[in-house]
Amino acid sequence: MSGTSEALKPPADAVKPVRHPEAPAPGELLGAHYEHCFGCGEGQPHGLHLQTRAGDGVRVTAEFTVQAAHQGAPGLAHGGILATALDETLGSLNWLLRVIAVTGRLETDFVRPVPVDTVLHLDAEVVAVHGRKIYSRATGRIGGPDGPVAVRAEALFIEVKVDHFIENGRPAEIRAAMADPDQVKRARAFEVNP
């Protein structure tokens, strides 16, 4: 990234991230954390429907196809959609740490345009942890996982308790998520950034 802000530079005493022993296995599809999530949920007709897989260490890969509903300029992905894809991918890293965290800061570089119907290949990793702060970075490429860089980001996530969502979310959605009889789906609904 060009000119990373001080807020995204891990302090000298930050520690190397450690993958939780119960984290999804490398190659495992993470699936949607919440059906109505704009980034990964299937319940959003114009959502990104991001497909994320656990990688080695504290790393994930993801991809999504830019649809006509995602355009800003004619035929090109809206920058906010690309930032959303980066944010969602970075948020998925928290599954590998087995913590609930929200985006505290996201800095994005837009390197090249991403046309509609293009598959964006994303790769993200946690670089450091300091208390409740999780420092991470991601890159999005077009034309394949080794193609030219189109977007990249650095982020700071803050670990929170589930109460963060219960106290701040809209009550109807919170009740619906909490009432889901599938304990795994209920817990996962609150695992990634809001």
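The values are calculated or read from the model by the stated rules, or taken from the named source; none is laboratory data. As the structure is a computational prediction, the values presented were derived from the model and not from experiment. Please note: Cβ atoms are built from the backbone with ideal geometry, for glycine as well, and neighbour counts cover all protein chains shown.
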(request) Please tell me if residue 42 is closer than 20 Å to residue 159 by Cα and acidic (Asp, Glu). (result) no
(message) Can you pull out every residue in the range 28-50 that is surrounded by fewer than 14 Cβ atoms within 10 Å (Cβ to Cβ) and closer than 21 Å to residue 137 by Cβ?
(response) none
(request) Return a yes/no flag: does the range 68-80 have any residue that is in contact (Cβ under 8 Å) with a residue 24 or more places away in the chain and within 11 Å of residue 151 (Cβ to Cβ). (result) yes
(message) Looking only at residues that are buried (at least 23 other Cβ atoms within 10 Å of the Cβ) and touching a Ser or Thr at 6+ places or on another chain (Cβ under 7 Å) in the range 51-86, which one is nearest to residue 157 (Cα to Cα)?
(response) 86
(message) Need pairs with beta-carbon distance below 8 Å; first residue β-branched (Val, Ile, Thr) and within the range 8-22, second modelled with pLDDT of 95 or more and in a loop (DSSP other than H, G, I, E, B); sequence gap 6+ or separate chains.
(response) 18/58
